[in-house]
Structures are given as C-alpha cells and as structure tokens.
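Contents: one structure, followed by commentary.
The values are calculated or read from the model by the stated rules, or taken from the named source; none is laboratory data. For clarity, every value in this text was computed on a predicted model and none was experimentally measured. Don't worry about glycine lacking a Cβ; one is built from the backbone with ideal geometry, like all the others, and counts go over all protein chains shown.
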Amino acid sequence: MIEAIELPETAENRYAMLGCLALRGQLRNQIDSFETLWKEFLEQPLEVSGLRLLRIHLRMLRSTVKVLEPLLPFAGKEWLGILKAAADNLGTIREYDVALRDCDKYSLYIGQEPVALKELLSAKRKEKTEAWLEMVEPEKIAEVVAGLSELLQNPRPLFLEEEALANAFLQARLQNWGMKLCNKLQNEVEKDDMEKLHAVRIKVKRFRYAYSAYMNGEADQELLMCLKNAQDTLGSIHDGSCNLAIMENLVAVAPNEQLAAEFTAFRAWRTEKLRQSLDRLPEVCTELVASLHRNIEGARLL
C-alpha cells in the first residue's frame, strides 16, 4: 500500500519521479487537450458537444493528476480543488444537456417531439450556463495549467532506485484505488440510495480514467470493459434519476396542460429505462469486482 512506501524527502527527487510518471500517464497531452477545449468553451459556452468533451477531458486530467497527489508541491492540493470545482459546475450544466438528449431519444421512441418540455429545459440550461460564466474565474484554471506544465519541464532521468520507487508508488496507488473501489461496489451499492450510487459511479469513472492513462497499451481489456459497463449502467441510473427530478421541479413551477402531458408520458418511459438499469446493476458490479480482484491478486495493476 502507498502508506508503506517512503517517498524521497527532497523536492528535486520527487519532481523527477513526478515527471517520469507524468510522461507515462501522457499528462502533457492531457493538459494540452484540456487547455484547447477550455478556450473553445469560453468562446462558445452554449455549444453542447464542446461542453461534453471539455467535461470528459477535465475528469480525465483530474484523475491522472490525483494519482500523483503525494508527489505534488503544496499548491497541488489547491490545483486539484480548482479542477474539482470546475468539473462539479460543468456537471450541473451537464444534467440539462442529458435531459435534452433523453428528450431526443424519447422523440424517436414515440415519433413525436415533446416541444414544451425541450423549450423549458433549453431555457434553463442557457440560464445556468450564463450564471456560471459570470462567476467563473478563468485565471484560476490558467494557474493550474501553468503550474502543472512547469513541473513537467525537462525532468531529469531517474536513477535506478528512483525508477523502482516510482513504479512501486504507481502500483500501490492503483491497487489502493482498486481495492477501495471493490469495497464500495460490495458494500455501498444500494438500489434505493441514489446518492451512494452516484458516489460509486464517480469512483468507477475516476479509476477507469487513471487506469487507462497509466497502463497505456498494457491495460487488461476485460477490466476496461467491466469498468465501462459499470460506468454506463451507473450513469444511466444517475441520469434517469436526475432527469426526472429536474423536470418535475420545472414543471411544478411552470404549469400548463401541454407541458404536464408531455412530462407524464416522458416520466413513464424514463422510469422504465431506470428500472432496467437498476436490474442490470448487481450483475455488472459482480463482474467488475471479480475482474478487479483478478488484477490486484495477480499483480497485474502494473
């Protein structure tokens, strides 16, 4: 475990290890991709596909950096906090994007568009985005990008003992995350507790992004598939629950007959899809736990 590994006391040695592991996790490429998408988002904040890509790359970047947290300078915790706050705020806007996407799926299902419902969701999505843009501080994101970039400038080659320690550190971090994820999947998956399911979903997503980044071409494909299945199933549950809650609240304060009728029909369709995802969940979790155990026990997490 990570607690049993004694990391170098000098900043120089720590930053050398950080640079080496960042190279393995392709952190430089992730920073560049995120920075590009961030600039595009600020120019076109209402562009839905751009927001989705930005959010995914932000989550990936944060997961990759989070693995290296014990090696980061003191400011590193603040950087991670800034990235988390940005991701959480973008996640709030995302809920409306997902609700609109589900309305489109529902339209294909019934052959008729829920016009009033979509108009209400689109207006609220625009309102949420504009409110966030008024409070967002782009200079903080720029500070994080600059700080991370500076740490990755020309890292010196590692000595043999440093390289061994860096590999042991990374293996311990991934194994630790994997075991904690197993524990959550086995003890905290309760179908009637959406908050716990959402927390498990976040852990699955974080582990998947970190594992994919650091394992590169050596990743266990079965484990990756199990992680994706769990993330998709938990995501469908979270989206369904949030969609229904958001729409119910909006319809309650803006009542009209067409809107109420559209929501009633949509709710029946979405509730059934939510039930199907909940029914799949135990099998998906069991498969993921088994795959994680095989990788951890076989020392295949690195």
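Would you point out the residue of segment 1-11, among those that are farther than 20 Å from Trp79 by Cα and in contact (Cβ under 8 Å) with a residue 24 or more places away in the chain, that is surrounded by the fewest Cβ atoms within 10 Å (Cβ to Cβ)?
Ala4
Being of a type in the set (S, T, N, Q) and over 16 Å from Val65 (Cα atoms) is the filter; apply it to segment 179-221 and report the residue that is surrounded by the fewest Cβ atoms within 10 Å (Cβ to Cβ). Write out each step before concluding.
The initial filter retains those residues of segment 179-221 that are of a type in the set (S, T, N, Q), namely 183, 186-187, 212, 216, 221.
Then drop every residue that is not over 16 Å from Val65 (Cα atoms), which leaves 183, 186-187, 221.
Values: Asn183: 12, Gln186: 11, Asn187: 10, Gln221: 7.
It comes out as Gln221.
Considering only residues of segment 135-152 that are within 24 Å of the chain's Cα centre (by Cα) and of a type in the set (D, E, K, R), which is nearest to Ala22 (Cα to Cα)?
Here the residue is Glu143.
Can you pull out the residues in segment 166-204 that are free of Cβ contacts under 8 Å to residues at least 12 places away in the same chain and either touching a Lys or Arg at 6+ places or on another chain (Cβ under 9 Å) or of a type outside the set (S, T, N, Q) (or both)?
Glu190, Asp192, Asp193, Glu195, Lys196, Ile202
Identify, from the list Ala75, Ala16, Ala22, the residue that is within 21 Å of Arg173 (Cβ to Cβ), surrounded by fewer than 20 Cβ atoms within 10 Å (Cβ to Cβ) and of a type in the set (Gly, Ala, Ser).
Ala75
Among Leu51, Leu42, Leu27, Leu46, which is the only one that is in contact (Cβ under 8 Å) with a residue 40 or more places away in the chain, out of contact with any Gly (no Cβ under 7 Å at 6 or more places or on another chain) and within 15 Å of Glu150 (Cα to Cα)?
Numbers: Leu51 fails: within 15 Å of Glu150 (Cα to Cα); Leu42 fails: within 15 Å of Glu150 (Cα to Cα); Leu46 fails: within 15 Å of Glu150 (Cα to Cα).
Leu27 is the lone residue from the list that is in contact (Cβ under 8 Å) with a residue 40 or more places away in the chain, out of contact with any Gly (no Cβ under 7 Å at 6 or more places or on another chain) and within 15 Å of Glu150 (Cα to Cα).
Looking only at segment 105-120, decide whether some residue is surrounded by fewer than 14 Cβ atoms within 10 Å (Cβ to Cβ), farther than 30 Å from Leu281 by Cα, without any contact (Cβ under 8 Å) to a residue 40 or more places away in the chain and under 25 Å from the mean Cα position of the chain (by Cα). First the steps, then the outcome.
The initial filter retains those residues of segment 105-120 that are surrounded by fewer than 14 Cβ atoms within 10 Å (Cβ to Cβ), namely 105, 108-112, 115, 119.
Subsequent filtering for residues that are farther than 30 Å from Leu281 by Cα retains 112, 115, 119.
Those still in the list that are without any contact (Cβ under 8 Å) to a residue 40 or more places away in the chain too: 112, 119.
Filter once more, so that each one left must be under 25 Å from the mean Cα position of the chain (by Cα): none.
Looking for residues that are surrounded by fewer than 14 Cβ atoms within 10 Å (Cβ to Cβ), farther than 30 Å from Leu281 by Cα, without any contact (Cβ under 8 Å) to a residue 40 or more places away in the chain and under 25 Å from the mean Cα position of the chain (by Cα), one finds none in segment 105-120, hence no.
Which pairs have Cβ atoms under 7 Å, sit 6 or more apart or on different chains, and link a residue in segment 65-81 that is within 11 Å of Glu143 (Cα to Cα) to one that is surrounded by 12 or more Cβ atoms within 10 Å (Cβ to Cβ) and small (Gly, Ala, Ser)?
Between residues of segment 65-81 that are within 11 Å of Glu143 (Cα to Cα) and residues that are surrounded by 12 or more Cβ atoms within 10 Å (Cβ to Cβ) and small (Gly, Ala, Ser), the close pairs are Ala75/Gly147; Trp79/Gly147.
Pull out all pairs, ordered by first then second residue, where Cβ-Cβ is under 7 Å, the residues are six or more apart or on different chains, the first lies in segment 289-302 and is farther than 15 Å from Lys180 by Cβ, and the second is modelled with pLDDT of 80 or more and in a helix (DSSP H, G or I).
Cβ pairs passing all conditions: Ser291/Glu222; Ser291/Leu223; Ser291/Cys226; Leu302/Asn167; Leu302/Leu170; Leu302/Gln171; Leu302/Leu174.
So the check is Cβ under 9 Å with 6+ separation or different chains; which pairs have a first residue in segment 122-140 that's of a type in the set (Gly, Ala, Ser) and a second one that's at pLDDT 90 or above and surrounded by 14 or more Cβ atoms within 10 Å (Cβ to Cβ)?
Sorted first by the residue in segment 122-140, then by its partner, the pairs are Ser122/Tyr96; Ser122/Leu100.
So, in segment 145-174, how many residues would count as being assigned to a loop (DSSP other than H, G, I, E, B), in contact with a helix residue (DSSP H, G or I) (Cβ under 7 Å, 6 or more places away or on another chain) and more than 23 Å from Ile82 (Cβ to Cβ)?
The total comes to 3.
Select from segment 222-245 the residues that are crowded, with 17+ Cβ neighbours inside 10 Å and among the hydrophobic types (A, V, I, L, M, F, W, C) and write down the one among them that is farthest from Ala99 (Cα to Cα).
Residue satisfying both the conditions and the ranking: Leu223.
Quick test of your reading of the structure: Leu58 fulfils all but one of (1) within 20 Å of the chain's Cα centre (by Cα); (2) surrounded by fewer than 21 Cβ atoms within 10 Å (Cβ to Cβ). Name the failing condition by number.
Every condition holds for Leu58 apart from (2).
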